[in-house]
Amino acid sequence: MSKQIRRQIAFLLSISMLATTLALAPVRQASAQHATPPAPANARAASIEAATEAVLRETSEIRQLPILNRVKSGAQSRSEIERMIMKNLEEDTTPEEMHASEVAFKKLGLAPADFQLRPFLIKLLTEQVAGYYEPKTQEFYLADWIDLDGQKPVMAHELTHALQDQHFNLRRFEHWPRGDSDAEISAHALIEGDASLVMQKYLERNPLRALAFVKSMMTSGTSMEMFDSAPRALRETLMFPYEQGRNWVSTVQDRGGWEAVSKAFTDLPQSTEQILHPAKYFAHEAPVKINMANIASQLGSDWKRIDYDVNGEWGYYEILSEYIKSGAEAGRASEGWGGDRYAVYENQRTGGVVVAQITAWDTEQDAIEFYDAYAKRTAARYPNSTEANGRPAETARAWQTSEGSVVMERRGQRVAILEGAPSNFNRNTLMRMLWQ
Ligand SMILES: [Zn+2]
């Protein structure tokens, strides 16, 4: 799964994530009336400061991390928060990177052909943001259009980020090396899972808190429209650090207390596989690193490699479950993941796209399960495709589709896939290059 998609919500809490995580269904019936007229700016600033102090104290107690510094806080208007979101998008992601994510998402059939990632993310984030912690300035901001009492759970979440930052330095997570976003999303699952679990415990201390939160959402005009309309794989990937991350942190905390969670900031989870199966984190089951030759020159002079990354178990779960309607089957097929590498190639003239993948599995049986599932997914992804293959189907399959060919090969515990190559290419040569 692409890095850009995962990264945009770093340290930024959205309503849907909070609501979905806590199963607060009434948030979905949002209306646009303001319950309480906004207080004068000075009074509001003073009450935000007081609330920050109180919630920070409580958060520090729940999380068992001492407060090392005061946290500056403030409220921002919708347009200020929008500006911050745009600025972060521009700083973190080049237009080329964003384009590459969008292209890969579409080629894998996870978003419609007319889907535009960047405007979508901007709209989604501005619609959803409830507050954020800015590690650059160590400040915490609340949305000024949401009632303060109702925002306290958001504060508990964001102030956990402030405590994390004071103890573990969050800025080091902002510029993750390129090419392994599976490890990056896992680190985010730790950061967001930690903050989400603390928020959940903060809410559990007093049932009125959840009620105030739901009420404030209903009266602030918070809309779920964009979130609900997001392509499923995008929505679930955005949710991953919050949902799966919270489950993971909860397991780690059950096993070794908050100390174990704090220790995870130096002994980071390395893959979404470790997040989905905490036993593999405890056992230090490290992902298999895979390199793959750049086949751009083989494809032709107009072709350029625009992305080179790792999908991870979570990525494959999303890719398979989009077309294999049984989530359990997709889950089984992506389990046993050992490592992978994918590359996206784009024809700079025609816009044609080729995706190359090599996956490694724990056992040959795991590789066979994935191979069969990917074949099933491919037939569903390209409904008008025809399968044409002269070789034994257990180890090699090929389809002709309206968007080029799809070729799969299994060798022992590994499966290589080439998707989208125009039919005039010698796919045997290309596959041989992938295997090198
Ligand atoms: Zn967060």
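Every read-out reported here was derived from the displayed coordinates using simple, explicitly stated rules and does not represent laboratory data. Remember, predicted model here, so these are calculated numbers, not experimental data. For neighbour counting, all protein chains shown are included, and Cβ atoms are generated from backbone atoms with ideal geometry for every residue, glycine included.
First check a/c for region 118-249, with a ≥ b ≥ c the square roots of the eigenvalues of its C-alpha gyration tensor; if it is under 1.5, answer rounded, and if not, answer prolate when a/b is larger than b/c or oblate otherwise.
Details: a/c = 1.58, a/b = 1.20, b/c = 1.31.
Judged from the Cα gyration tensor, region 118-249 comes out oblate (a/c at least 1.5, b/c at or above a/b).
Which of the pairs Lys123/Lys201; Lys87/Lys107; Lys215/Lys325; Lys136/Lys201 have their Cα atoms more than 32 Å apart in this structure?
On the way: Lys123/Lys201 30 Å; Lys87/Lys107 28 Å; Lys215/Lys325 36 Å; Lys136/Lys201 27 Å.
Pairs exceeding the cut-off: Lys215/Lys325.
What area, in nm² and to one decimal, does the C-alpha convex hull of region 61-190 cast on average over all directions?
Details: hull surface 37.4 nm².
In nm², the orientation-averaged hull projection of region 61-190 is 9.4.
Using only the alpha carbons of the chain, what is the convex hull's orientation-averaged projected area in square nanometres? Before the final figure, lay out each step's value.
On the way: hull surface 83.2 nm².
Seen from a random direction, the Cα hull of the chain projects 20.8 nm² on average.
Find how much the distance from Ala54 to Glu394 grows on full extension, using 0.36 nm per residue of separation minus their present alpha carbon separation; answer in nm with one decimal. Present the calculation step by step, with values, prior to reporting the outcome.
Numbers: separation 340, 0.36 × 340 = 122.40 nm, distance 6.24 nm.
116.2 nm is the gain from fully extending Ala54 to Glu394.
How high is the relative contact order of the chain, in percent, counting Cα pairs under 8 Å that sit 6 or more residues apart?
Here the relative contact order equals 16 percent.
Once amide H atoms are built 1.01 Å from N in the peptide plane, which residues 5 or more positions from Arg411, or in another chain, come under 5 Å H to H?
Ala416
Given H placed 1.01 Å from N in the peptide plane, which residues other than close sequence neighbours of Asp307 have an amide H under 5 Å from its amide H?
Residues meeting the criterion, in which the H sits 1.01 Å from N, are Val344.
Would you give the gap between the C-alpha center of region 320-347 and the C-alpha center of region 94-123, rounded to a whole Å?
Here the two parts' Cα centres lie 18 Å apart.
For Thr272, Thr94, Thr160, what ranking results if the residue with the fewest other Cβ atoms within 10 Å of its Cβ goes first?
Working: Thr272 32, Thr94 11, Thr160 27.
In order of increasing Cβ crowding within 10 Å: Thr94, Thr160, Thr272.
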